[in-house]
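Student: Quick one: this structure, given as structure tokens, is what I'll be asking you about.
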Amino acid sequence: MPTALIADDEPHLARHLQQQLAPLWPDLQVLAVARNGPEAAERIAALQPDLAFLDIQMPGLSGLEVAQGIEGATRVV
């Protein structure tokens, strides 16, 4: 089962993404939802999801900065 992390500082947008993904990718397991860049980076390192859906503009670190720091097999969307 593929796993994912969603990072967005606007909770309603994170929920909307989850709702849109559910029927398209029913076996995708969302491991965590992060609300800022540092939280996203920490959770990606700890959980090692297959995919990371990152908002570009977030407090602390942007989605681009988080993506640059990812090590391992996590793919960034």
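The values are calculated or read from the model by the stated rules, or taken from the named source; none is laboratory data. Because the structure is a prediction, the values reported are computed rather than measured. Cβ sites come from the backbone with ideal geometry, for glycine too, and all protein chains shown count toward neighbours.
Student: Looking at the range 59-77, which of its residues are hydrophobic (A, V, I, L, M, F, W, C), closer than 17 Å to residue 30 by Cβ and either at pLDDT 95 or above or more than 13 Å from the chain's Cα centre (by Cα) (or both)?
Tutor: Of everything in the range 59-77, just one residue is hydrophobic (A, V, I, L, M, F, W, C), closer than 17 Å to residue 30 by Cβ and either at pLDDT 95 or above or more than 13 Å from the chain's Cα centre (by Cα) (or both), namely 66.
Student: Another question about this same structure. Name every residue in the range 44-58 that is in a loop (DSSP other than H, G, I, E, B), within 23 Å of residue 28 (Cβ to Cβ) and either touching a residue at least 40 places away in the same chain (Cβ under 8 Å) or not β-branched (Val, Ile, Thr) (or both), in order of residue number.
Tutor: 48, 49, 50, 55, 58
Student: Could you tell me which residue of the range 1-42 is surrounded by the most Cβ atoms within 10 Å (Cβ to Cβ), considering only residues that are over 9 Å from the mean Cα position of the chain (by Cα) and of a type in the set (D, E, K, R)?
Tutor: 39
Listed here are the residues, each with its yes/no results for (1) among the aromatic types (Phe, Trp, Tyr); (2) in contact with a strand residue (DSSP E or B) (Cβ under 7 Å, 6 or more places away or on another chain); (3) part of a loop (DSSP other than H, G, I, E, B); (4) without any contact (Cβ under 8 Å) to a residue 24 or more places away in the chain.
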residue	(1), (2), (3), (4)
9	no, no, yes, no
16	no, no, no, yes
20	no, no, no, yes
23	no, no, no, yes
27	no, no, yes, no
32	no, yes, no, no
68	no, no, no, yes
